[in-house]
Amino acid sequence: MKLGVVGLGAIGSMHINNIRQGKVPGVEIACVCDEKHIDPVKFAGLKAYSNVDDMLKDPDVEAVLVATPSFNHFALASKALEAGKHVLIEKPIALTSFDAAKIVELARRQNKVCGVMLNQRTTPLYSRIKELVCGGELGRVNRASWFMTNWYRPQIYFSSSNWRGTWKGEAGGALINQSIHNIDIFAWIFGMPEKLRAWCKFGKYHDIEVEDEATAYFQFPNSMTATFATSTGEFPGTNRLEIACDKGFLVAENDELKITRFASLSEYTRTTKYVFGTPESSTTIEQFPDKGAQHAGVLENFRRAVDSGAAFDFDALQGYNSVCLANAMLMSAWTDSDVSFPFDDAAYAKLLAQKTASSKFREKVDTDFITEFTKSFR
Ligand SMILES: NC(=O)c1ccc[n+]([C@@H]2O[C@H](COP(=O)([O-])OP(=O)(O)OC[C@H]3O[C@@H](n4cnc5c(N)ncnc54)[C@H](O)[C@@H]3O)[C@@H](O)[C@H]2O)c1
């Protein structure tokens, strides 16, 4: 698959390195594109464009990877689909579920593979949790709780770019940027809720417009409930996911999964004669130090979907779901009320437009800053 990569910043460069190091079999770089100066040493030997319209006319380009800032994912992905290319979009797929839905529809009309880089799903720990929960081994899920508060970012993270932390540039913060991965995994495992209520704090820890702390409560149609909390202002924070099921209890934390198994708890609750009784149970602990294939794995899956119609696990609809949940949490916080699903994409887009109307890209700081990009991953 011949790939055109648009956006050669931190993540675009990493994708190019992965491909050049042979980590993504079957993918070749047809060309790269960035509207700013393209370093001739770093990108030596690659055909380069400064304008995406020119790149999309290149017949060598079969598929496009959009790795620009979040605010132009929708416009660039739409252009690429209209030009007849397959498209993989960095997360989030778009700033609003309203635009994400348009991408899903456009990809369907153009009959092209289109998806989103939600790489954390390739983490073996999360695949194992999905297998246990969705495979039915643990029975009905009663409750889940995810505290994902180890997304700490200092102020320089925001100040070193002109788009981060602004309504105009990202349409959100901890939810749509960092936690979009966790929100995606949450929807991937549990599906979509029927309603949620969320509370957010905006610029609590940083000089930013958007949320740097959020807490949400979810209700699902089958009486399952869930809570989710995230923050970019705490250190060290935690990444702890608990899932209470009828036949088991899972705790994932520090790269290990504690699985406690028992016979049906609802049955025991109904029938035991022991006033302070608890069911017989056994506990095992599984270790997950390996982070899996991550970005290279998603790109490889995309390549297989394009080349041979293989099942694509990261399709645009999944990108829609994660953005929809992130948007819904903000909408709930803004309106101080419950939000129901199916989500009113258009109503959210209107509310966001009010925020972006007075939002500006910020001046980048001119002091030196140091980027150790791989430390950004969790
Ligand atoms: N999946 C992940 O793990 C992960 C990690 C980091 C960032 N991201 C996502 O990747 C995206 C980019 O993040 P980044 O940190 O690399 O940003 P960045 O600011 O470092 O780089 C963005 C690049 O895009 C270029 N660009 C902007 N508009 C363009 C246009 N119209 N045409 C061509 N080039 C254009 C800029 O000049 C810049 O070089 C964001 O949406 C972010 O959310 C994903």
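Within the range 28-50, the set of residues being away from the ligand (no atom under 11 Å from the Cβ), over 10 Å from residue 5 (Cβ atoms) and out of contact with any Cys (no Cβ under 7 Å at 6 or more places or on another chain) comprises 28, 40, 41, 42, 44, 45. Comparison of 127, 145 shows that the only residue that is in contact (Cβ under 8 Å) with a residue 12 or more places away in the chain, away from the ligand (no atom under 16 Å from the Cβ), in the same structural domain as residue 244 (by TED's automatic domain parsing) and in a helix (DSSP H, G or I) is 127.
Yes/no matrix, rows are residues, columns are (1) within 16 Å of the ligand (Cβ to nearest atom); (2) out of contact with any Pro (no Cβ under 7 Å at 6 or more places or on another chain); (3) modelled with pLDDT under 95:
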| position | (1), (2), (3) |
| --- | --- |
| 273 | no, yes, no |
| 288 | no, no, no |
| 294 | yes, yes, no |
| 300 | yes, no, no |
| 341 | no, no, no |
| 363 | yes, yes, yes |
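Restricting 103, 93, 180 to those that are more than 12 Å from the ligand (Cβ to nearest atom), crowded, with 22+ Cβ neighbours inside 10 Å and within 17 Å of the chain's Cα centre (by Cα) reduces the list to 103. For the range 337-359, state whether one or more residues are closer than 21 Å to residue 174 by Cα and touching a strand residue (DSSP E or B) at 6+ places or on another chain (Cβ under 7 Å). Looking for residues that are closer than 21 Å to residue 174 by Cα and touching a strand residue (DSSP E or B) at 6+ places or on another chain (Cβ under 7 Å), one finds at least one in the range 337-359, hence yes.
Close Cβ contacts (under 7 Å, 6 or more residues apart or on different chains) running from residues in the range 25-40 that are more than 16 Å from residue 11 (Cβ to Cβ) to residues that are in a strand (DSSP E or B) and near the ligand (Cβ under 9 Å from one of its atoms) comprise 31/49.
Applying a threshold of 8 Å to beta carbon distances and a minimum spacing of six or more residues, or different chains, the list of pairs starting in the range 1-15 at a residue that is in the same structural domain as residue 64 (by TED's automatic domain parsing) and near the ligand (Cβ under 6 Å from one of its atoms) and ending at one that is in a strand (DSSP E or B) and acidic (Asp, Glu) reads 7/90; 11/90. The one condition from (1) farther than 25 Å from residue 173 by Cβ; (2) free of Cβ contacts under 8 Å to residues at least 24 places away in the same chain; (3) in a helix (DSSP H, G or I) that residue 72 does not meet is (1). Taken together, 280, 253, 286 contain a single residue that is of a type outside the set (S, T, N, Q), under 17 Å from residue 135 (Cβ atoms) and surrounded by fewer than 17 Cβ atoms within 10 Å (Cβ to Cβ), which is 286. Which condition from (1) surrounded by 15 or more Cβ atoms within 10 Å (Cβ to Cβ); (2) away from the ligand (no atom under 16 Å from the Cβ); (3) small (Gly, Ala, Ser) is the one that residue 358 breaks? The number of the failed condition is (1).
Looking at (1) over 21 Å from residue 128 (Cβ atoms); (2) among the acidic types (Asp, Glu); (3) part of a helix (DSSP H, G or I), find the lone condition where residue 300 falls short. For residue 300, the exception is condition (1).
Is the range 285-295 home to any residue that is closer than 30 Å to residue 161 by Cβ, out of contact with any Ser or Thr (no Cβ under 7 Å at 6 or more places or on another chain), part of a helix (DSSP H, G or I) and not hydrophobic (A, V, I, L, M, F, W, C)? Among the residues of the range 285-295, at least one is closer than 30 Å to residue 161 by Cβ, out of contact with any Ser or Thr (no Cβ under 7 Å at 6 or more places or on another chain), part of a helix (DSSP H, G or I) and not hydrophobic (A, V, I, L, M, F, W, C), which makes the answer yes.
Just one of the listed residues (169, 191) is within 16 Å of the ligand (Cβ to nearest atom) and either closer than 30 Å to residue 69 by Cα or aliphatic (A, V, I, L, M) (or both), namely 169. For the range 210-237, filtering for residues that are charged (D, E, K, R) and either surrounded by fewer than 24 Cβ atoms within 10 Å (Cβ to Cβ) or part of a loop (DSSP other than H, G, I, E, B) (or both) leaves 2. Which members of the range 255-278 meet the condition of being closer than 17 Å to residue 136 by Cα and either among the acidic types (Asp, Glu) or in a loop (DSSP other than H, G, I, E, B) (or both)? Passing the criteria: 263, 264, 267. Within the range 51-61, take every residue that is surrounded by 19 or more Cβ atoms within 10 Å (Cβ to Cβ) and more than 8 Å from the ligand (Cβ to nearest atom) and give me the one that is nearest to residue 35 (Cα to Cα). Once the filter is applied, the top-ranked residue is 55. For the range 148-177, filtering for residues that are polar (S, T, N, Q), crowded, with 19+ Cβ neighbours inside 10 Å and not in a loop (DSSP other than H, G, I, E, B) leaves 2.
The values are calculated or read from the model by the stated rules, or taken from the named source; none is laboratory data. Since this is a predicted model, take the numbers as computed values, not measurements. Counting neighbours? That spans all protein chains shown, and the Cβs are built from the backbone with ideal geometry, glycine included.
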